[in-house]
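The values are calculated or read from the model by the stated rules, or taken from the named source; none is laboratory data. In this text the structure is predicted, and so the values were computed from the model without any measurement. For neighbour counting, all protein chains shown are included, and Cβ atoms are generated from backbone atoms with ideal geometry for every residue, glycine included.
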Ligand code: TXA
Ligand code: MG
């Protein structure tokens, strides 16, 4: 039997309630600076299993473990010089590090899908940090959506995707970054980029040197499966024109004419603003029941890389 979902603004009372749900093995949806997560106590296998159930996620897909800082992270994974440097520079923030698991770590094996590595991130959002402190456990949290759906950047997206399968959604407003964290695998040398995201690759490379990019076929992060980010409506990339039965995902000051509805990711052509609008606008355009979402070209730099990555997956999923 499912209990109706409660959406509660972030307050001392709602945070206490959320922390107590986590401590007793329940799930809580909470805001991070990237996207909303659906969290469970990362040391509780049953709670972690419930995440897979609620998301309808294939069990081999490992989860990101959210921790408060490098000190806590160190008790679950083995850091080297490069990973320490990356964590010191970019945490708290939208960077996830994949590292060798400590052999006796009490993180649920299910959470890391039986791998001998673990993905760790210290989120920057104050509500996420407060929740980590109050719950006093690491929190395993994938994005709070059904597997294969768009990632949620508002509490409304979460309730639309997960329905009454989540008891409590903490409402911290829209996510400021709006795309998931950048994931780098530091269990290999040189570290490799598993998923472009909230920290631009250029910034990471400036700090720790060049990253390797794994080939499409070695799917180290199953979330990189090509169809992972999929609206129901087919997506057409690099649109230079638009038909009346299409909706337009525009970018920049000169949206192409002719679409039934246009949403502009950033009228000024700012990739950071565009990233923060990406999922909300895809959700909105997907709800229009049009034949196609035509997406204008997005520049391939900074967060543009992450945006294009998500759009390519969305386009591929419709094929
Ligand atoms: O911004 C984010 O990262 C959000 C918020 C909630 O923190 N979380 C998120 O989680 O996007 P999720 O589960 O949707 O994506 C996690 C990604 C998946 O692609 C998964 O395969 C990868 O992390 N991953 C987790 N553990 C891994 C590991 N040990 N090795 C390789 N990839 C791993
Ligand atoms: Mg996800």
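For the stretch 116-140, the tally of residues that are part of a loop (DSSP other than H, G, I, E, B), more than 16 Å from ligand 2 (Cβ to nearest atom) and modelled with pLDDT of 95 or more stands at 6.
Table: residues versus (1) out of contact with any helix residue (DSSP H, G or I) (no Cβ under 9 Å at 6 or more places or on another chain); (2) more than 23 Å from residue 199 (Cβ to Cβ).
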{"site": "102", "(1), (2)": "no, yes"}
{"site": "119", "(1), (2)": "yes, no"}
{"site": "122", "(1), (2)": "no, no"}
{"site": "126", "(1), (2)": "yes, no"}
{"site": "144", "(1), (2)": "no, no"}
{"site": "150", "(1), (2)": "no, no"}
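Filtered by the rule that a residue be buried (at least 18 other Cβ atoms within 10 Å of the Cβ), touching a strand residue (DSSP E or B) at 6+ places or on another chain (Cβ under 6 Å) and over 15 Å from residue 265 (Cα atoms), the stretch 278-319 gives 290, 292, 314, 315.
Among all residues of the stretch 47-66, there is at least one that is within 16 Å of ligand 1 (Cβ to nearest atom), within 14 Å of residue 129 (Cα to Cα) and either within 22 Å of the chain's Cα centre (by Cα) or buried (at least 24 other Cβ atoms within 10 Å of the Cβ) (or both). Check 214, 152, 174 and return the single one that is part of a loop (DSSP other than H, G, I, E, B) and without any contact (Cβ under 8 Å) to a residue 40 or more places away in the chain. Going through 214, 152, 174 in turn, just one is part of a loop (DSSP other than H, G, I, E, B) and without any contact (Cβ under 8 Å) to a residue 40 or more places away in the chain: 214. Within the stretch 251-286, the set of residues being closer than 18 Å to residue 153 by Cβ and in a strand (DSSP E or B) comprises 263, 264.
Remark: pairs (first residue in the stretch 24-39, within 7 Å of residue 175 (Cα to Cα) and at pLDDT 95 or above; second residue assigned to a strand (DSSP E or B) and within 10 Å of ligand 1 (Cβ to nearest atom); Cβ separation under 6 Å; 6+ apart in sequence or on different chains) = 35/143.
Residue 316 meets the conditions (1) without any contact (Cβ under 8 Å) to a residue 60 or more places away in the chain; (2) part of a helix (DSSP H, G or I) in every case but one. The failed one is (1). Within the option set 183, 169, being crowded, with 20+ Cβ neighbours inside 10 Å, under 30 Å from residue 270 (Cβ atoms), at pLDDT 95 or above and within 13 Å of ligand 2 (Cβ to nearest atom) holds for one residue only, 183.
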